[in-house]
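I have placed the structure first, in the form of structure tokens, so that the comments after it can refer back to it.
Coordinate-derived values only; no laboratory data. Just so we're clear, the structure is a prediction, and the values are computed from it rather than from any experiment. Here the Cβ positions follow ideal geometry from the backbone for every residue, glycine too, while neighbour counts run over all protein chains shown.
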Amino acid sequence: MNPPNVTPWPPPGLSAPARRALAGAGIESVRQLAAHTEQEVLALHGLGPKAMAPLRAALTEAGLIFAGETP
């Protein structure tokens, strides 16, 4: 169970293949997601453009952005 004020992981609305792709890449939290560029995440097998909306929402909720992006 997540403590209050912690972004849920994996984000709601993320497909099973996308969750498996992130887990396979060792991305197990929103902070670990923020250490990667959007292009790196999109390059994962099982993760496509549709998955980006819930991932971006999770980053925004946590006050984070993808690596290499300007706030």
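Which whole-number percent gives the relative contact order of the chain, counting Cα pairs below 8 Å spaced six or more residues apart?
About 39 percent, as a whole number.
Would you mind counting up the charge near residue 51? Only other residues with Cβ under 12 Å from its Cβ, with Lys and Arg at +1 and Asp and Glu at -1.
+3
Simple spin-label model, 7 Å along Cα-to-Cβ: residue 57 to residue 31 in nm?
Reported label-point gap for residue 57 and residue 31 is 2.4 nm.
For every helix of n ≥ 4 consecutive DSSP H residues, a contribution of -39,500 (n - 2.57) applies; sum these over the chain, divide by its total residues, and give [θ] at 222 nm rounded to the nearest 500 deg cm²/dmol.
For the chain, the value works out to -11000 deg cm²/dmol.
What is the percent of Cα-Cα separations in the chain that go past 14 Å?
Of the Cα pairs, 54 percent sit more than 14 Å apart.
What are the ³J(HN,Hα) couplings of the range 7-21, residue after residue, when phi is run through the Karplus curve with 6.51, -1.76, 1.60 and θ = phi - 60°? Round to Hz, x for glycine and proline.
Coupling constants for the range 7-21: 5, x, 9, x, x, x, x, 8, 5, 4, x, 5, 4, 5, 4 Hz.
Excluding residue 22 itself, what net charge comes from residues whose Cβ is under 12 Å from its Cβ, given Lys and Arg +1 and Asp and Glu -1?
Cβ neighbours under 12 Å give a net charge of 0.
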